[in-house]
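What follows is a short report on a single structure.
The values are calculated or read from the model by the stated rules, or taken from the named source; none is laboratory data. These numbers come from a predicted model, not from an experiment. So basically every Cβ, Gly included, is an ideal-geometry build from the backbone, and we count neighbours across all protein chains shown. Just the protein is used for accessible areas: all its heavy atoms, side chains included, with ligands, DNA and RNA removed. Shrake-Rupley method; radii C 1.70, N 1.55, O 1.52, S 1.80 Å.
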Amino acid sequence: MLISTSRKPSQKTRKFCKHLARSTGSTSVNRGKMNMRELLLKALEVEECNIAVVNELKGNPSRISFYSNKGELLLTILIGVTLDNEKTNIAPSKLKMVCEVEELDILSDILDLDLVDSAEDNYILISKSPDSSARIYFVNKFGDRLNFQINVKKILEVVND
C-alpha cells in the first residue's frame, strides 16, 4: 500500500504516515503537489496495489481514505492516533491481522494481510472499544502492544458496484 498525506501536512501527520508504513510494510511518500492521478501513477511505479491518503484536522491525523489502484474509494475511517518517539519493533513480512470488528475486515484485503482468528506474534489487532468504533493495535513478536495505536472514531461505509 502506498501511504500519502493531504497537501501541506503537519509534522505529526508525516510522522504518523512513516510509522504506519513501517508497521505495515508499506511505502510512504510525501505528497507535495501531486494530485490523485499522480498518486495512482506513483503507486504503480513502486508496485503498490492500494493507496491510503491521510488527512488532518488542526495538525493531527483525522481521516484515512483507502483507494484501489484504479482510484475507487474502498473505505474511509475517522481516526485519532497515539504516537511515541520510539521506532516500531515489528516484522511486517510476518504480519497477520486479527479483527473483532466486521466492518473493518476489508483492511486485511487493503493491506494484503492474512485475516486470522488469533495470532501469537507480529499482528494487527482491531478490537471493539467502548468509547469509539474500534481500536487498532500493533503487537510485536514478543506479544507487546506498541505505543502506536489508531482509534477509529467512525467507519464511513463505501459501496462500490
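Below are the figures for this structure:
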{"read-out": "Value of [θ]222 nm, deg cm²/dmol, for the chain, DSSP H segments ≥ 4, -39500 (n - 2.57) each, nearest 500", "value": "-5000 deg cm²/dmol"}
{"read-out": "Over 29 Å between alpha carbons, listed pairs LYS42/LYS128; LYS15/LYS70; LYS33/LYS141; LYS94/LYS128; LYS8/LYS70", "value": "LYS42/LYS128; LYS33/LYS141"}
{"read-out": "Three-way shape call for segment 103-151 based on the alpha-carbon gyration tensor, with the a/c threshold at 1.5", "value": "oblate"}
{"read-out": "Accessible surface of TYR137 - all protein chains present, 1.4 Å probe, nearest 10 Å²", "value": "30"}
{"read-out": "Zero-based 5 Å bins, Cα pair distances in the chain, whole percents", "value": "2, 9, 18, 23, 23, 16, 7, 2, 0"}
{"read-out": "Percent of beta bridges antiparallel (DSSP, segment 1-91, rounded to nearest 5)", "value": "70"}
{"read-out": "Computed FRET value (nearest 0.05) for LYS141 with LYS33, which takes r as the C-beta separation and R₀ as 41 Å", "value": "0.55"}
{"read-out": "Helix 11-24 axis, angle to the chain major axis (alpha carbon atoms, nearest 10°)", "value": "60"}
{"read-out": "Eligible aspartates and glutamates near LYS153 by straight Cα distance, threshold 12 Å, same-chain separation 8 or greater", "value": "ASP131"}
{"read-out": "Farthest positive-ward along segment 57-161 dipole, Cα basis, beta-carbon charges - from GLY71, SER118, MET97", "value": "GLY71"}
{"read-out": "Sequence-separation-based contact order of segment 1-140, relative, with Cα cut under 8 Å and 6+ spacing, percent", "value": "20"}
